[in-house]
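First up is the structure itself, then whatever we jot down about it.
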Amino acid sequence: MAQAVAPPLLPVHYTSTTTGQQSSSPMQMSNLSESGTTLTPSTTSPKRRPYKEDGYQAFSKWMASDDDFFVFRRFESLNANTILWMQFRISELEAKLEGIHEEIKESKVSDNLKNSSFAWDAKYRQERTKIMGELSCLLLQYNQFIDAFSKIRAQPRAEDRQIKNVATWLENKAITPPETTFVQKTGDLITINVRNRPPLGRWIEECRGLRLWKIFRAKPVDGLHVQSEATVYSSDKAFERFTTISIIFGGLVMLLAPLWWLANVSASKTRLQIITGFLIVFASIMAISTTNRPFEVVATTAAYAAVLMVFMQMEGKA
């Protein structure tokens, strides 16, 4: 839900006017359902530089105000490299353990060497005990690392509008430029906002104009939302109500339009063409406006076709 107009590249000062727009995604934390729209500032007041003065504190507060602003790097190649290094080190220790085991296994009985006692290892073969201690720490770290990274890797890649959100805010130069280069690694950026949305839903979220309408505005939440003329929060609940009403209206149209049309047509071929057209439209709407799987779309379309076939049995005008 985020689009932005980049602010001037000169030091930014703030007045009560705004010159740009940017929107964000729904809030899922604190049981809220809002999203933000950031308006870029103008450059006329030389007395106050809020972003320059607040730095990371302002950036952190802004990021925490909405899920769509949470954009971070996953460091995919570095994580893979680290896992490979731990795997290599564990394999080295494994080989040493196997070597010790084979050495004792091939020894003479008179040597009184054992593979069957940790207590004996601790007293007479401390090298193996030391390896086991290092392995226990490494394996725990290795397993936890893979488990944690698998969760990070499962996060969706940040959408272009979300990346643009952060990039636009950073152009205020609140953060030292070398520390803002992470936003340029677009292929490595992730978002915590995991929602399964249909294509139509994604398109609506990217409509900046809709999110700026007053009827979609969300009430500010003290301590969470950034109280600034540069940021406006919209309510996903309002969008859900709007979507629900639209679906109900569209459903009535898809039922009543063929009913009245077929009632005024008598030729069977023409009626079949009308039904075919409505089925294609219905299937297309289901595909882009719902998250149903393909076979569910087909099943729903088949049910709609059955209704239209009932309409076809109506006696039309000659």
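The values are calculated or read from the model by the stated rules, or taken from the named source; none is laboratory data. Note that the structure is a prediction, hence the values are computed from the model and not measured. With ideal geometry, Cβ positions are generated from the backbone for all residues, glycine too; neighbour counts draw on all protein chains shown.
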Identify all residues within segment 62-95 that are of a type in the set (D, E, K, R), in a helix (DSSP H, G or I) and crowded, with 16+ Cβ neighbours inside 10 Å; write none if there are none. ASP67, ASP68
How many residues of segment 225-248 are of a type in the set (Gly, Ala, Ser) and at pLDDT 75 or above? The answer is 2
Tell me which residues, restricted to segment 114-131, are surrounded by 14 or more Cβ atoms within 10 Å (Cβ to Cβ) and touching a residue at least 12 places away in the same chain (Cβ under 8 Å). ASN115, ARG125, ARG128, ILE131
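Picking from ALA154, ALA174, which residue would you name as being touching a residue at least 60 places away in the same chain (Cβ under 8 Å), over 30 Å from LEU97 (Cβ atoms) and small (Gly, Ala, Ser)?
On the way: ALA154 fails: touching a residue at least 60 places away in the same chain (Cβ under 8 Å).
Matching residue, one of ALA154, ALA174: ALA174.
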Residue check for PHE311: within 30 Å of ASP68 (Cβ to Cβ), among the hydrophobic types (A, V, I, L, M, F, W, C), modelled with pLDDT under 85 and touching a helix residue (DSSP H, G or I) at 6+ places or on another chain (Cβ under 9 Å): no
Can you name the residue in segment 140-177 that is of a type in the set (A, V, I, L, M, F, W, C) and not in a helix (DSSP H, G or I) and, of all such residues, is surrounded by the most Cβ atoms within 10 Å (Cβ to Cβ)? ALA158
